[in-house]
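Before any comments, here is the structure.
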Amino acid sequence: MKDGGKHYICYVSKDLIRSRFLGLKFSLATVKYLMSIFDLDNSRGIGFQEFESLWKFINQWRQMFVSFDVDRDGKIDADELGRALAHYDFRVGLPVLDILVKKYAIAPPPSRGPHYGPPARPQIDLDHFVCACIVVRQMCQLYDQCSGYGQAPISRDDFIRAVITLP
């Protein structure tokens, strides 16, 4: 229930999961990631201004996704994801990008058979793109805070790779 002007996770998830407003549709996992960013008082709800900020945030990620979806098929691969993350100064190596795309891939690419060249690379949609970007952003920030900005005995890519591959 909406209480005291707060939108609780069940309502935000209903709005974002079932809604097709602006062509957006998000999984419960992505909604939880988004709520963790915008629920600043840990009430499991967000007020109108926070919801407005959340919506602006989603639209910024959507615009970024569209701008890096070079072939305009509604999906991006590891190369496109890497360019998008680098644009916002979250640079990670190709091995990390491959792990991210495999983890968040929407479906395994169809086999094209041995006579049609190498198999298609996995891709992610907008929902999983937002999720992957939030995870990378949070891990980069955590690494930078804990490592003294590059002074740790483990590289940022190794840190992200270790966390991403956890079950």
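The values are calculated or read from the model by the stated rules, or taken from the named source; none is laboratory data. Bear in mind the structure is a predicted one, so any value in this text is a computation, not a measurement. Reconstructed Cβ throughout: ideal geometry from the backbone, glycine too, with neighbour counts over all protein chains shown. Surface areas here come from the heavy atoms of the whole protein model, side chains and all, with no ligands, DNA or RNA. Shrake-Rupley method; radii C 1.70, N 1.55, O 1.52, S 1.80 Å.
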* Asked: Between residue 67 and residue 146, what length comes free when the chain is fully extended (0.36 nm per residue of separation minus the Cα-Cα distance, one decimal in nm)?
  -> 25.2 nm
* Listed residues 55, 61 arranged by accessible area, highest first, probe 1.4 Å -> 55, 61
* Asked: Expressed in nm², what is the orientationally averaged projection area of the convex hull enclosing the Cα positions of region 32-73?
  -> 3.3 nm²
* Asked: Taking R0 as 35 Å, what's the FRET efficiency between residue 42 and residue 94 from their Cβ-Cβ distance, rounded to 0.05?
  -> 0.45
* Structure fact -> Whole-Hz Karplus couplings 3J(HN,Hα) for region 92-104, θ = phi - 60° and coefficients 6.51, -1.76, 1.60, Gly and Pro as x, run 9, x, 4, x, 5, 4, 4, 5, 4, 5, 5, 5, 9
